[in-house]
1. Could you put 380, 185, 16, 45 in order, starting from the residue whose Cβ has the fewest other Cβ atoms within 10 Å?
2. Just order 329-339, 292-302, 393-403 by mean Cβ neighbour count inside 10 Å, highest at the front, would you?
3. Angle between the Cα long axis of helix 334-349 and the longest principal axis of the chain, 0 to 90 degrees, nearest 10?
4. Extension gain residue 149-residue 195, at 0.36 nm per residue separation less the Cα-Cα distance, in nm?
5. Please report 158, 404 as a ranked list, fewest other C-beta atoms within 10 angstrom at the top and most at the bottom.
6. For the range 1-146, what class follows from the C-alpha gyration tensor (a ≥ b ≥ c being the square roots of its eigenvalues): rounded when a/c is under 1.5, otherwise prolate if a/b is larger than b/c, else oblate?
7. Based on the Cβ-Cβ distance of residue 390 and residue 233, what FRET efficiency does E = 1/(1 + (r/R0)^6) give at R0 = 35 Å, to the nearest 0.05?
8. State, in angstrom, two size descriptors of the chain derived from its alpha carbons: Rg to one decimal place and Dmax to the nearest whole number.
């Protein structure tokens, strides 16, 4: 990255580029079937989640990223707010949620590839697991070659595998409606406002899960030409596009696939099939399946490295054994990537043991959400605290409204995070979970087990874990 004469990064990013970074990190078609279950009520869920969570995360992360641009991202922010132990916990949760999340997006990619080859293969667990492992380790291997290779895959995959198929899905739904073919969900004011019972509110956690990740794009806010002016506009542009595609894409699936028939893994291709069949264009579906799978692979590639580099920063501070500090010539954290791959492989293999793919998908999604909101709680709390403990810091971008604005934005984000955490323990009634107690026990044990390593490592760490000449991470 070119530097300014003063040594800082060049301010070369405009509004459009910042917005594209946001979309590459977040925009995916994978979550559309999840919200298509609720038909018109998905508009309500998406809108509330955007206002209560998505926008607060974007604003707070922009302030933290421009004020504290050190390596490690959320680790650096929370470390300044609450000390290295909780900074380690925050970045650990950001990393370990990836390990849990990868099988869900991998199952989506595998099911989509199955549609391109033979739709019945999505019920063959050995085919699914084989594809999931090949895709995961293939993406990991490509990332060993550095950010240029990873970025190329992410950029091409996002455009070809997410934006183009997403827009096509919406266009086909519009054509379907213009032709007077009707919809498979209720259209009324009552349908727009969901039943507020607790089991339905658990879907709110699923919507928030779809908005995770904008804090990674905020790392680039310091490179904006005018952060105070451009970043809010970029946020507005990306939020509008992301929310619009999420809402219209979910409704497009619900237009042709009844809620009871929607597969959380393969629902997107179900809708594509129903749209193109009447026009004798079934051959288009396998082509779109390949593109959509490429979009999923691009998202995996994007997320493989970010949290791993954050965890690398903790290793360089002496919180992890020296073996995890290893980087290759391309400055990629190879030891952490391999460790991440081994743990993710265990979760992928669990796919063979579950009787129902929808249950597997939902349970891992719920655990991912629970783990990640803990990181966001720490991030929001740190942002508020740092306004007091580090009030003299130069903030190129600030959450609007001074201290009051930070309390409002951070407080709303904290409230949404806590709400999502608690309702995440209630499974939705439309997803078959074999036993409420077993579901909740899995989440509790999963959260506890995945939260303990930072505290255990903090107790057993040794002085020789701190490298003698720690290097700065490179972009």
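Read-outs throughout are calculated quantities, based only on the coordinates presented, and are distinct from any laboratory measurement. This one's a predicted model, so the numbers in the text were calculated from it and none came from an experiment. Heads up, the Cβs are rebuilt from the backbone with ideal geometry, glycines too, and the neighbour counts pull from every protein chain shown.
1. 16, 185, 45, 380
2. Working: 329-339: 18.8, 292-302: 25.0, 393-403: 15.0.
Result, highest mean first: 292-302, 329-339, 393-403.
3. The angle comes out near 30 degrees.
4. Working: separation 46, 0.36 × 46 = 16.56 nm, distance 4.65 nm.
Answer, rounded to one decimal: 11.9 nm.
5. Working: 158 23, 404 10.
If I rank by nearby Cβ atoms, fewest first, I get 404, 158.
6. Working: a/c = 1.91, a/b = 1.54, b/c = 1.24.
It comes out prolate by the Cα gyration axes.
7. Numbers: r = 27 Å, r/R0 = 0.76.
Once rounded, the FRET efficiency stands at 0.85.
8. Computed over the Cα atoms of the chain, radius of gyration and Dmax are 21.7, 71 Å.
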